[in-house]
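Notes to accompany the following structure.
The values are calculated or read from the model by the stated rules, or taken from the named source; none is laboratory data. This one's a predicted model, so the numbers in the text were calculated from it and none came from an experiment. Glycine also receives a Cβ, built like all others from the backbone with ideal geometry; neighbour counts cover every protein chain displayed. Calculation scope for accessible area: heavy atoms of the full protein, side chains included, ligands and nucleic acids excluded. Shrake-Rupley method; radii C 1.70, N 1.55, O 1.52, S 1.80 Å.
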Amino acid sequence: MKYDVVVVGSGPAGSVTARFAAETGAKVLILERRVEVGVPVLCGEGISQKIDNWGMLEGKRWIASKMDGAKIYAPDGTMVTLSKEMAGNETGYVVYRDIFDQELARQAAKAGAKLMMKTEATELLVDNEQIKGVKVKQFDEEFEIEADIVVGADGVESKVGQWAGINTVLKPNDLETCAQYTLTNVDYKSDYCEFYIGKKIAPGGYVWIFPKGKGIFNVGIGILASLSESGMALKLLDNFIAGHSELKKGEPIRLLAGAAPVAKPVETVKDNLILVGDAARHVDPITGGGLTTALEGGKIAGETIGRAIEQQMFDEETLSAYETGWKEAFGRKLRRDYLVKEILLDFDDKTLNMLADSLKDYKFKEFSTLSLVKALVLKHPTLLMKLKPLLKVSKESKED
Ligand SMILES: Cc1cc2nc3c(=O)[nH]c(=O)nc-3n(C[C@H](O)[C@H](O)[C@H](O)COP(=O)(O)OP(=O)(O)OC[C@H]3O[C@@H](n4cnc5c(N)ncnc54)[C@H](O)[C@@H]3O)c2cc1C
């Protein structure tokens with residue numbers, strides 16, 4: 001079996017990469033170890049409405065509900081409301097992630113990509129130190145698939161990068177352990193994604209409540225692996241729900257456990273190889289959201305691959321147009337948010353309450369690190385010392 005490109009993983013990053021590569025005429029195969037694209041869902045299912053501008057998804061079947069923005073609750077209950085433009089990547093739409101992923105896979109297929117289900121890549125095919133494809137297992141059968149370019153779109157547990165000698169190991173400080181219920185029959189109305197922060201509520205992370213319409217809510221938690229122990233995420237989530245009068249009357253129709261990388265991006269290109277999405281650690285280190293970067297990065301990867309196939313050049317230098325592209329698109333944001341994550345981790349609940357108190361009535365004209373710090377210090381000047389590292393980050397990332 002011989003293809004121009006083999007994409008390992010049919011998540012959003014893999015399907016979008018496959019689609020844009022196939023649109024240039026490349027012969028593309030997507031491998032998926034699961035039995036159904038997008039199933040089981042391992043996601044809070046929140047995504048920014050900026051994806052509307054990218055035209056990657058047709059129809060509306062993948063949309064569960066539309067949000068007006070986000071509400072963030074400090075440990076003492078102080079609430080800060082953010083519009084959907086300011087709220088970042090994880091608000092805007094709440095989606096049906098299974099349908100969302102399947103729609104992206106359909107777009108890839110429409111462009112000419114082939115999909116092979118229940119097929120797990122087990123190692124790289126290497127000849128004379130050059131990557132030549134992948135070895136796979138489908139049910140009990142093992143075989144080889146040749147390709148000029150292998151794409152690692154294999155998510156948070158990615159192996160493809162490691163097989164190629166890229167260090168993708170996640171430190172406990174760079175990994176969020178997550179659990180989520182989808183609750184039905186909840187008598188609560190909200191058009192906002194809600195986030196609850198605090199060392200006791202969710203150490204090194206947060207609880208989220210995402211409305212899916214008709215009394216259905218995703219209620220989940222992410223806590224930093226370095227601050228957690230076995231079973232802790234679910235225990236804290238259960239405590240949270242028990243303390244929330246409307247939620248506790250709901251019944252679960254889904255329970256999931258998963259992990260999100262909140263690390264710095266890794267090296268994403270080698271000769272004959274590209275990493276995209278969670279495999280590349282293209283995830284916002286503050287929120288753990290990776291859907292928009294999976295789509296944005298996947299498009300850049302697919303277009304780069306398309307050009308490489310046209311030129312029949314598969315070396316690192318040719319493929320590095322992808323790394324340059326994603327760095328321009330969202331590299332600075334990921335770098336800055338990683339530093340902000342580190343700073344926020346040092347804040348105790350009292351400081352988080354002060355931050356929320358400063359922001360609760362502040363009307364932002366624009367959103368930047370500097371305007372945020374100004375808003376915070378205006379009300380609580382004592383915060384200035386704690387926020388100094390934020391200003392340094394702002395300067396380093398050449399923000400205003
Ligand atoms: C609990 C939780 C909640 C989240 N909530 C949000 C949210 O609300 N908003 C947001 O933006 N992000 C969220 N995320 C993160 C988001 O889900 C990921 O960033 C996103 O799925 C990344 O897409 P991907 O295509 O890179 O990887 P994935 O979607 O993980 O896809 C990888 C695919 O590769 C397949 N695969 C893996 N190894 C192999 C192999 N060897 N052979 C063949 N196939 C393989 C897997 O089966 C999978 O289908 C959340 C994550 C978690 C865990």
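General remarks:
- Solvent exposure of region 1-152 amounts to 44 Å² per residue of accessible area, where only protein heavy atoms count and the probe is 1.4 Å.
- Normalised by residue count, region 112-254 yields a Cα convex hull volume of 174 Å³ per residue.
- For the chain, the share of accessible area belonging to carbon and sulfur comes to 51 percent (1.4 Å probe, ligands and nucleic acids excluded).
- Span from the region 291-309 Cα centroid across to the region 1-59 one, whole angstrom: 10 Å
- If the convex hull is drawn through the Cα atoms of the chain, its volume per residue in Å³: 137 Å³
- Evaluated at q = 0.15 Å⁻¹, the base-10 log of the normalised Debye intensity for region 172-261, with identical point scatterers placed on the Cα atoms, takes the values -0.51.
- Relative contact order of the chain, taken over Cα pairs closer than 8 Å and 6 or more residues apart, is 19 percent.
- Site-free segments of the chain were taken between trypsin sites (Lys or Arg not before Pro) in DSSP loops having at most 12 other Cβ atoms within 10 Å, sites themselves excluded; the longest one is 215-362.
- With the convex hull drawn over the C-alpha atoms of region 249-394, the volume per residue is 167 Å³.
- Among the listed pairs K270/K327; K264/K341; K264/K374; K66/K189; K60/K189; K71/K386, a Cα-Cα separation exceeding 20 Å is found for K264/K374; K60/K189; K71/K386.
- Cβ-placed point charges (K, R +1; D, E -1), dipole of region 1-106 about Cα centre in debye, nearest 20: 240 debye
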